[in-house]
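Take a look at the structure below.
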Amino acid sequence: MDILTTVHDLRDRLRPHRQEGRSIGLVPTMGYLHEGHLSLMRRGRSENDVLVATIFVNPTQFGPNEDLDKYPRDPEGDAEKCRSAGVDILFVPEPGEVYGPQFQTYVTVERVSAPLCGASRPGHFRGVATVVLKLFNMVQPTDAYFGGKDYQQVQVIKTMARDLNLDVRIVECDTIREDDGLAMSSRNAYLSPDRRRQAVCLYEALMEAKGFFKNGANNAEHYLAAMRTRVNAEPDTEVDYISIVHPDTLEDLAEVGDKALAILAVRIGSTRLIDNMLLHE
Ligand code: PAF
C-alpha cells in the first residue's frame, strides 16, 4: 500500500490505472477507522481493480464550537487497518494541500441539506459536499462508498452527483452496529462506559419506531412520542432532533405511508450521536 500526501503524487500514481481502463474505488473517511469503514473498504476492494482510501479531517465541515481539534486520530493504526482491508493507495493530505490560501469555492446542495443535521450544524453539508467533490476530482473514482449511518450525507452526495453530472457511482452501504445495536462511529470513542451503555437508546428508539410501523400505525406523532420517551429515559441525554421523514426528500411526514425513515441526533453528555432506520425494510 502506498501512503501519499500530495494531489500531484496521487494523480501520478492513478494515471496509468485510468489509462489501462481499470476501475477505481474510493472510500473517503476522516480516520479513526472502525468496522463500519472497513466494511466499505472490503466492498470497494471486491468491486474494483484499484482501491483508494482517504483520511482527512475536513475543517470546513466543522462549526466553530464543534470537535475539530479533539477529533480522534490514530494514523498508524488506521494505516494498518487500511492495509489489511486491501487498500492500494492511502491518501492523507494536510489541510493546506486540500485548501490553498486563496480557497474560495464551495458546493451548496440546497433542499436536502436544509433539515435535520443541516439545521443544527449550519455549513456542515456545504463542507462535506465541497470536500467530497474535491476528492472525486483528485481521484476520479468509478465507485465511491459511504456508510448508511450518515443517511443525510449520502442523500446530499447523491444529489450533488446527479445535479453536477458527476461520472461516479455512489454506493450506500449498510450501517454496521455493535452487538447491542449502537451504530459504529468514530465519536463513540468519546463515551465513558456509563455513557456508552446509555447510547444504545438511539437504536432502541429506532426499534420502537420500527415496531409501530410493523403494527401499521400511521400517526407520526405517536412514533415521535415513543422515541422521545425512550431517549429521555436515560440521564444526561439531550435530543437534537427526532424525526419521521420521507426517505427521498427528508421532509417530515405527518402520516406514515409505505416508505418512511426514522432519524435522530442525540447528545449523550457532550457527545452528539446520529442514527437512522428505514422503517419499510
Ligand atoms: O463521513 C465522513 O467521514 C466525512 O463526512 C467525509 C465523507 C469523509 C467527508 O469529509
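Please treat every number below as a calculation from the coordinates, not as lab data. Keep in mind it's a predicted model, so treat the numbers as computed, not measured. Every residue, glycine as well, gets a Cβ built from its backbone with ideal geometry; the counts of neighbours run over all protein chains shown.
Here are the numbers:
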read-out	value
Three-way shape label, segment 1-115, alpha-carbon gyration tensor, a/c 1.5	prolate
Shape of segment 222-281, Cα gyration tensor, a/c cut at 1.5	prolate
Dipole magnitude of the chain, debye to nearest 20 (Cβ charges: Lys/Arg +1, Asp/Glu -1, about Cα centre)	280 debye
Distance between segment 217-281 and segment 80-110 - C-alpha centres, whole angstrom	32 Å
On Cα atoms only, tilt of 35-47 relative to the major axis of the chain in degrees	50 degrees
Projected area averaged over orientations for segment 141-261, convex hull of C-alpha atoms, nm²	8.9 nm²
Most mobile listed residue (Pro75, Pro235, Pro59) in the chain, GNM with C-alpha springs under 10 Å	Pro235
Net charge of Cβ neighbours under 14 Å - reference Ile55; Lys, Arg +1; Asp, Glu -1	-4
Degrees separating the helix 201-214 axis from the principal Cα axis of the chain, which is the longest one	70 degrees
P(r), alpha carbons of segment 86-188 - 10 Å bins starting at zero, rounded %	13, 39, 38, 9, 0
Distant-in-sequence amide H partners of Thr175 (H built 1.01 Å from N, under 5 Å)	Gly148, Lys149
Quotient of C-alpha Rg and 2.2 N^0.38 Å, computed over segment 1-65	1.28
C-alpha long axis of helix 124-139 to longest principal axis of the chain, angle in °	30 degrees
For the chain, diffusion coefficient by Stokes-Einstein and Kirkwood Rh (Cα), 10 °C, 1.306 mPa s, µm²/s	81 µm²/s
Across Lys158/Lys214; Lys134/Lys259; Lys81/Lys134; Lys70/Lys259; Lys81/Lys214; Lys70/Lys149, pairs whose alpha-carbon gap is larger than 27 Å	Lys158/Lys214; Lys134/Lys259; Lys70/Lys259; Lys81/Lys214
³J(HN,Hα), Karplus 6.51/-1.76/1.60, whole Hz, each residue of segment 107-112, x for Gly, Pro	10, 10, 9, 6, 4, 6
Label point distance in nm, Asn215-Glu110, each placed 7 Å from Cα along Cα→Cβ	4.1 nm
